Amino acid sequence: MASREIASTPAEVLPAGVLPTDADAALLVGRLLDPADGGPSLVTVRGDVLVDVTALGPTVSDLLEHPDAAARVRGAADGRSWPLGEVLAATAAGDADRARLLAPVDLQVLKAAGVTFADSMMERVIEERAGGVAASADEIRARIGARLGTRLETVRAGSPEAVELLAWLREQGLWSQYLEVGLGPDAEIFTKGPVLSAVGYGARIGVAEVSEWNNPEPELVLVVASDGRIAGVTLGNDVNLRDVEGRSALLLPQAKDNNASTALGPFVRLVGDGFTVDSVRDATIALAVRGDDGIVLRDSSDMARISRPLETLVAQAVNRRHQYPDGVVLFTGTLFAPTADRGAPGSGFTHREGDVVEISTPLLGTLRNTVTTSEQAPPWEAGIRDLYAGLARRGLLRAAPTP
């Protein structure tokens with residue numbers, strides 16, 4: 001497939017594909033930081049402008065606790081607004097003097113489900129066997145693939161057939177902790193990052209300097225209310241340090257939770273007005289990576305191939321053992337695990353600074369970020385105390401609605 005160039009555009013022109021193909025019907029919410037306000041505002045997309053709907057919040061978490069957030073956003077009166085094209089341009093430029101987008105969630109805990117596709121499950125096993133050394137991956141991939149063939153794709157995680165396959169793998173000396181969570185009854189649900197640590201559309205996304213083997217992870221992301229209800233959907237990049245996690249699964253926090261290593265956006269599409277979880281159950285999540293070295297990598301995740309239903313992943317994340325009163329953001333995993341060499345033979349794919357990463361699907365739009373290191377990305381400085389201090393200064397805390 002021919003690569004699509006990403007050209008610079010005037011501020012008033014929207015970047016291609018940033019909004020859903022049915023944007024006129026979609027109910028999209030996000031967060032905008034206008035330096036004149038001293039804190040983030042809730043916004044919705046109406047045509048080519050962003051309209052302030054902070055009165056419905058004042059946080060995204062507050063808004064989504066309402067049982068019909070979509071109806072409230074649809075019925076919100078027009079207030080002050082910002083040109084969407086100008087905001088996106090300022091965001092991409094990192095211009096702190098102009099209004100810019102933030103990640104479209106706030107108080108929700110950032111969670112992720114891992115090993116939810118057979119292909120990426122195999123790659124986790126390969127990372128483990130290779131000890132995080134990319135040069136060893138090809139030989140291990142061929143050896144394990146020859147013994148397992150397509151068996152991993154023919155069973156549903158947690159089913160009796162999957163339990164039987166796990167027993168066979170143990171007998172064959174092929175058992176792995178990744179196969180256990182990929183096939184067994186319990187999904188891998190881990191904390192991707194702290195509350196408010198995600199970056200949004202146009203921001204620089206961070207890969208830790210210690211990593212020499214890493215990749216993006218394009219994912220469908222569910223935005224879940226405190227009662228386990230899926231209130232909205234967005235796109236995410238769950239940046240993965242393959243060498244770090246490959247050395248030991250106990251290094252997962254170091255592999256996953258780094259400055260600017262979680263990207264979400266561009267907006268949350270609210271469930272309602274004909275848009276449901278079924279609308280994206282069979283979605284294709286497309287990935288494009290364009291590097292300064294001329295590389296154009298394209299791939300995709302087919303959500304129809306996920307090993308567990310989306311509702312099952314949510315139920316394992318939010319339940320009587322795990323309560324999240326401010327809601328949860330849940331990455332649902334990826335089919336993408338690049339194996340093509342970017343440099344020397346056996347080196348595999350890994351990011352380089354300046355890579356432009358696009359993650360897209362027609363009903364959610366496009367999340368676009370540029371790769372830098374976690375150490376060079378803007379430091380995360382605005383936490384929960386800062387958010388609430390700003391809301392108090394603006395007189396917004398008393399406006400928080402009761403669901």
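The values are calculated or read from the model by the stated rules, or taken from the named source; none is laboratory data. From a predicted model like this one, the values you see are computed outputs, not experimental measurements. With ideal geometry, Cβ positions are generated from the backbone for all residues, glycine too; neighbour counts draw on all protein chains shown. For accessibility, only protein heavy atoms count, side chains too; no ligands or nucleic acids. Shrake-Rupley method; radii C 1.70, N 1.55, O 1.52, S 1.80 Å.
Determine the sum of side-chain charges near residue 78: Lys and Arg each +1, Asp and Glu each -1, restricted to other residues whose C-beta is under 14 angstrom from that of residue 78.
Surrounding charge for residue 78 is +1.
Kindly rank 84-94, 270-280 from highest to lowest mean number of other beta carbons found within 10 Å of each residue.
Order by mean packing, descending: 84-94, 270-280.
Using amide H atoms built in the peptide plane, which far-off residues or other-chain residues are under 5 Å from residue 53 H to H?
Residues meeting the criterion, in which the H sits 1.01 Å from N, are 42, 43, 44.
Sort out for me the Cα centre separation of the range 269-319 from the range 178-253, rounded to whole Å.
13 Å
Out of 396, 363, 207, whose Cα points farthest toward the positive end of the dipole of the chain (charges: +1 Lys, Arg; -1 Asp, Glu; placed on Cβ)?
Value: 396.
Please find the FRET efficiency linking residue 22 to residue 375, where r is the Cβ-Cβ separation and R0 is fixed at 56 Å, and quote it to the nearest 0.05.
Computed FRET efficiency for residue 22 and residue 375: 0.90.
How high is the relative contact order of the chain, in percent, counting Cα pairs under 8 Å that sit 6 or more residues apart?
Computed over the chain, the figure is 24 percent.
Roughly how many Å² is the accessible area per residue of the chain, as a whole number, for a 1.4 Å probe?
Here the residues of the chain average 41 Å² of exposed surface.
Assuming R0 = 25 Å, what is the FRET efficiency of residue 55 and residue 96, from their Cβ-Cβ distance, to the nearest 0.05?
0.45
Given Cβ point charges of +1 (Lys, Arg) and -1 (Asp, Glu) and nothing else, what value in debye, to the nearest 20, does the dipole of the chain about its Cα centre take?
600 debye
Between residue 295 and residue 393, with labels modelled 7 Å along Cα→Cβ, what's the label distance in nm to one decimal, could you check?
Between residue 295 and residue 393, the label points sit 4.3 nm apart.
Projected onto the charge dipole of the chain (+1 at Lys/Arg Cβ, -1 at Asp/Glu Cβ, origin at the Cα centre), which of 283, 270, 378 gives the Cα projection farthest towards the positive end?
Final value for the positive-end residue is 270.
Suppose R0 equals 51 Å; then what is the FRET efficiency for residue 164 and residue 352 from their Cβ-Cβ distance, rounded to the nearest 0.05?
Efficiency at R0 = 51 Å is approximately 0.75.
Rounded if a/c is under 1.5, else prolate if a/b beats b/c, else oblate: with a ≥ b ≥ c from the C-alpha gyration tensor eigenvalues square-rooted, which is the range 255-403?
Oblate shape, in that a/c is at least 1.5 and b/c is the bigger or equal ratio.
For the range 189-312, give the percent of accessible area contributed by carbon and sulfur heavy atoms, probe 1.4 Å, rounded to a whole number.
Roughly 49 percent, rounded to a whole number.
Through the Karplus equation 6.51 cos²θ - 1.76 cosθ + 1.60, θ set to phi - 60°, convert the phi angles of the range 329-337 into ³J(HN,Hα) values in whole Hz; use x for Gly and Pro.
9, 10, 5, 9, x, 9, 7, 7, 8
With charges set only on the Cβ (+1 for Lys and Arg, -1 for Asp and Glu), what does the dipole of the range 180-318 come to about its Cα centre, in debye to the nearest 20?
240 debye
Assigning unit charges at the beta carbon (Lys, Arg +1; Asp, Glu -1) and nothing else, what dipole magnitude in debye, to the nearest 20, does the range 219-268 show about its Cα centre?
Using Cβ point charges on Lys, Arg, Asp and Glu, the range 219-268 gives about 20 debye.
Is it possible to state the helix-based mean residue ellipticity at 222 nm for the chain, with each DSSP H run of 4+ residues giving -39500 (n - 2.57), the sum divided by total residues, to the nearest 500 deg cm²/dmol? What is it?
It lands at -6500 deg cm²/dmol.
Between residue 80 and residue 212, what is the spin-label point distance in nm, taking each point 7 Å from the Cα along the Cα→C-beta axis?
In this crude spin-label approximation the distance works out to 5.1 nm.
So for the chain, taking the charge dipole from beta-carbon charges (+1 Lys/Arg, -1 Asp/Glu), which of 112, 85, 35 sits furthest toward the positive end?
The one lying farthest along the dipole's positive direction is 112.
Label points 7 Å out from Cα along the Cβ direction at residue 251 and residue 139: separation in nm?
According to this spin-label approximation, the distance is 2.0 nm.
Is any residue of the range 301-331 close enough, with backbone N under 13 Å, to a label point placed 7 angstrom from the Cα of residue 282 along the Cα-Cβ axis, and if so, which?
Only 303-305 fall inside the zone, counting backbone N under 13 Å.
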